[in-house]
Amino acid sequence: MYLVYSDTATLADFVAGVLVEQIRTRPESVLGLATGGTMEPVYASLLRQIRQQALDMSRMRSFNLDEYIGLSASHPQSYGAYMRQHLFDALGFDPWRHHVPDGCAADVQACCSNYSSAIRAAGGIDLQLLGVGRNGHIGFNEPGTPFDSRTHAVTLDERTRLDNSRFFAEGELVPGRAITMGLQDIMDAREILLVATGPAKAATMAAYHESATTPALPFSVLKQHPRVRIVLDAAAAQLLPASACVRGE
Ligand code: F6R
């Protein structure tokens, strides 16, 4: 079943509310975090709810899904900068508790295996937040990625680079490579919340609904996870059968 909200603002409040509840019940939770346009209203709502409820975030830890190779954390389009801008700075977060892969690591291989190990050493991810690319990628696990992959370096699809060029200045090239948590790292999370909004994701969601579990559509792996919630706005859900959708309140 897909949980469908009529508008993005209400959806963002719901998703942020799930994160708040997770932290309230288990303040030392390990969250898996995503970036991208989908998450901007979610983090804005999360900040509002944290402030309104004076929620203690000091024990929460997090691991972000991915980072561009070649962008330092100070580059404005890096995912490190995104997280500081949308969440971490406002909460005075300790960078030692909140992890983003190092896009400028001298040894990318070591950086990747250390990242997967650090997730395990933290006790694993309690709740993983995911967006989805139009080609079905989660993190930057592009079509064809093996389901048993751990954190690794990837070459981005041209379509992904084109989609993400909206975040870069005109004429500035989107990096061609990235580090991403692997599909197995994502599947190891105890609970997963995938969010998709806007008409550009409607065909992607229809493909998910109709597809078998196949590496050609990376997020179809989620069909094998026992605790996944898929939360959509009406635009992203428009090609799904009504019988598969539940209206969010
Ligand atoms: C970002 C990430 C990606 C995005 C996906 C959707 O950390 O892991 O998988 O979630 O590319 O991006 P938006 O939300 O910009 O459509």
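The values are calculated or read from the model by the stated rules, or taken from the named source; none is laboratory data. Quick caveat: nothing in here was measured; it's all calculated off a predicted structure. Glycine gets a Cβ as well: all are built from the backbone with ideal geometry, and neighbour counts include every protein chain shown. Accessible surface is based on the protein model in full, side chains and every heavy atom, while ligands, DNA and RNA are left aside. Shrake-Rupley method; radii C 1.70, N 1.55, O 1.52, S 1.80 Å.
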Could you tell me which residue of the stretch 100-118 is farthest from Met83 (Cα to Cα), considering only residues that are in contact (Cβ under 8 Å) with a residue 40 or more places away in the chain and among the hydroxyl-bearing types (Ser, Thr, Tyr)?
Ser116
Thr213: passes all of (1) more than 17 Å from Thr35 (Cβ to Cβ); (2) within 13 Å of the ligand (Cβ to nearest atom); (3) open to solvent by 10 Å² or more (accessible area, probe 1.4 Å) but (2)
Filtered residue count, the stretch 190-208, keeping only those that are in a helix (DSSP H, G or I) and surrounded by 15 or more Cβ atoms within 10 Å (Cβ to Cβ):
7
I'm checking my understanding of the structure. Among residues of the stretch 95-106 that are open to solvent by 60 Å² or more (accessible area, probe 1.4 Å) and in contact with a helix residue (DSSP H, G or I) (Cβ under 9 Å, 6 or more places away or on another chain), which one is farthest from Ser220 (Cα to Cα)?
Pro95
Taking Gln85, is it closer than 19 Å to Arg24 by Cα and either assigned to a helix (DSSP H, G or I) or open to solvent by less than 40 Å² (accessible area, probe 1.4 Å) (or both)?
no
Can you tell me which residue is farthest from Val195 (Cα to Cα) among those in the stretch 107-137 that are open to solvent by 40 Å² or more (accessible area, probe 1.4 Å) and out of contact with any helix residue (DSSP H, G or I) (no Cβ under 6 Å at 6 or more places or on another chain)?
Asp107
Close pairs from the stretch 119-144: first of a type outside the set (Ser, Thr, Tyr), partner at pLDDT below 95 and assigned to a helix (DSSP H, G or I), Cβ under 7 Å, at least 6 apart
Gly133/Thr160; Gly133/Asp163; Arg134/Arg159; Arg134/Asp163; Asn135/Arg159; Asn135/Thr160; His137/Thr160; Glu142/Thr160
Quick one: which residue in Asp185, Asp163 is within 29 Å of Val108 (Cα to Cα), in contact with a helix residue (DSSP H, G or I) (Cβ under 7 Å, 6 or more places away or on another chain), in a helix (DSSP H, G or I) and not hydroxyl-bearing (Ser, Thr, Tyr)?
Asp185
Can you spot a residue in the stretch 178-185 that is among the charged types (D, E, K, R) and open to solvent by 40 Å² or more (accessible area, probe 1.4 Å)?
no
Identify, please: which residue in the stretch 72-81 is open to solvent by 20 Å² or more (accessible area, probe 1.4 Å) and within 16 Å of the ligand (Cβ to nearest atom) and is, among those, modelled with the highest pLDDT?
Tyr79
Here the qualifying pairs (Cβ atoms under 8 Å; residues six or more apart or on different chains; first in the stretch 175-202 and closer than 16 Å to Asn164 by Cα; second of a type in the set (D, E, K, R) and part of a loop (DSSP other than H, G, I, E, B)) come out as Ile179/Asp102; Ala200/Arg134; Lys201/Arg134
Here's a check for you: in the stretch 216-233, which residue that is open to solvent by 50 Å² or more (accessible area, probe 1.4 Å) and not polar (S, T, N, Q) is farthest from Tyr5 (Cα to Cα)?
Ala216
Pull up the stretch 209-228, narrow it to residues that are part of a helix (DSSP H, G or I) and free of Cβ contacts under 8 Å to residues at least 24 places away in the same chain, then point me to the one that is farthest from the chain's Cα centre (by Cα).
Glu210
Would you please list the contacts, defined by Cβ atoms under 6 Å and residues six or more apart or on different chains, that run from a residue in the stretch 234-245 that is open to solvent by less than 20 Å² (accessible area, probe 1.4 Å) to a residue that is of a type in the set (Val, Ile, Thr)?
Ala236/Thr197; Ala237/Val4
Specify which of the listed residues (Phe140, Phe147) is among the aromatic types (Phe, Trp, Tyr) and open to solvent by 40 Å² or more (accessible area, probe 1.4 Å).
Phe147
